[in-house]
Amino acid sequence: SLAVHELRTPLTIMRGYIEVFEDELSKSLNPEQQSFMHNMSASAQQLAAFVSNILNVARVEENALYLKLKEENWESVINGACKDMELRAKVHNKKLVLNIDKDMPTAAVDKVSIYEVLNNLIDNAIKYTHTDEDIIVKSTVKDGMIETTITDKGVGIQSNLIAHVFDKFYRAHQSKNSIGGTGLGLYLCRAIIVAHGGNIWVQSKEDQGSTFGFSVPIYETVKD
Ligand code: ADP
């Protein structure tokens with residue numbers, strides 16, 4: 001994590017300039033150059049997510065992951081996180097489909113940490129789906145909590161391996177060599193959701209796809 005920490009500043013500078021170029025050059029680029037630009041931006045974003053995962057796992061290990069729960073409009077939290085992942089989905093020929101119930105109550109969450117959870121779950125749905133099937137993000141109220149699920153029709157997980165996917169450094173063996181990753185994403189998601197007082201779970205069938213779900217508290221229920 002010490003080494004990874006040093007990547008933060010140069011990466012932020014690169015992402016800043018990519019954003020400037022995207023804004024200023026978008027009209028003058030041909031379609032091929034535009035897709036190069038999208039790839040560059042999505043890759044820089046992926047690298048930033050990797051850096052952030054490593055640093056947060058180090059915080060979890062040192063018992064120093066601090067969350068500031070605030071009242072947040074859940075629909076905007078989901079929309080914000082999905083907007084960031086849309087480009088990455090597009091680069092992989094996929095679409096995110098949002099299905100958020102109307103009139104959701106506000107949530108008590110640390111927005112930055114919840115972005116990390118959504119980033120990791122959506123990133124996995126993109127990575128482990130080799131077709132161009134949509135990825136569906138749903139939110140509803142269930143059992144007094146706000147429940148969100150991310151469903152893909154990807155490679156799925158073998159039933160005997162499901163119990164391990166939230167373990168630190170765990171990577172299911174069938175995908176280990178062909179798809180990049182660290183095995184830290186779901187470990188971190190679980191730490192963040194448990195710290196919110198919520199639950200995280202998965203339902204999956206090999207070759208059919210997976211649904212990852214998590215719950216966070218409704219603001220009204222924990223306000224006091
Ligand atoms: P990583 O993706 O970096 O390997 P994660 O902690 O995010 O690490 O996931 C752990 C393992 O769980 C992955 O290696 C993969 O085998 C499995 N997995 C996670 N998400 C999915 C998914 N949406 N579909 C199929 N397998 C998944």
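The values are calculated or read from the model by the stated rules, or taken from the named source; none is laboratory data. Since we're looking at a predicted model, the values are computed, not measured. Glycine gets a Cβ as well: all are built from the backbone with ideal geometry, and neighbour counts include every protein chain shown. Each accessible area value is taken on the protein alone, full model and side chains, heavy atoms only, with ligands, DNA and RNA left out. Shrake-Rupley method; radii C 1.70, N 1.55, O 1.52, S 1.80 Å.
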Checklist entry - Mind checking which pairs have a first residue in segment 30-51 that is under 30 Å from residue 2 (Cβ atoms) and a second that is among the polar types (S, T, N, Q), Cβ under 8 Å, 6 or more apart or different chains? => result 48/12; 49/119; 49/120; 50/182
Checklist outcome for this item: Subset of segment 110-126, residues touching a helix residue (DSSP H, G or I) at 6+ places or on another chain (Cβ under 7 Å), open to solvent by less than 30 Å² (accessible area, probe 1.4 Å) and more than 15 Å from the ligand (Cβ to nearest atom), comes to 113, 114
Checklist outcome for this item: Reported set for segment 2-22 where residues are within 18 Å of residue 112 (Cβ to Cβ) and open to solvent by less than 70 Å² (accessible area, probe 1.4 Å) is 4, 11
Item to check | Residues of segment 127-148 satisfying the condition of being within 11 Å of the ligand (Cβ to nearest atom) and in contact with a Lys or Arg (Cβ under 7 Å, 6 or more places away or on another chain) | outcome: 129, 135
Checklist entry - Among the listed residues 179, 162, 136, which satisfies the condition of being surrounded by 14 or more Cβ atoms within 10 Å (Cβ to Cβ) and under 15 Å from the mean Cα position of the chain (by Cα)? => result 136
Next on the checklist: Residue under question is residue 177, and the condition is that it be more than 8 Å from the ligand (Cβ to nearest atom) and either in contact with a helix residue (DSSP H, G or I) (Cβ under 8 Å, 6 or more places away or on another chain) or of a type outside the set (Gly, Ala, Ser) (or both); does it hold?
Outcome noted: yes
Item to check | Total residues in segment 23-46, condition under 17 Å from residue 13 (Cα atoms) and open to solvent by 80 Å² or more (accessible area, probe 1.4 Å) | outcome: 4
Item to check | Tally, over segment 1-45, of residues that are among the hydroxyl-bearing types (Ser, Thr, Tyr) and part of a loop (DSSP other than H, G, I, E, B) | outcome: 3
Item to check | Every residue from segment 83-108 that is over 15 Å from the mean Cα position of the chain (by Cα), farther than 24 Å from residue 40 by Cα and free of Cβ contacts under 8 Å to residues at least 60 places away in the same chain | outcome: 99, 100, 101, 102, 103, 104
Checklist outcome for this item: The condition of being surrounded by 14 or more Cβ atoms within 10 Å (Cβ to Cβ) and either of a type outside the set (A, V, I, L, M, F, W, C) or closer than 18 Å to residue 123 by Cβ (or both) holds, among 63, 56, only for 56
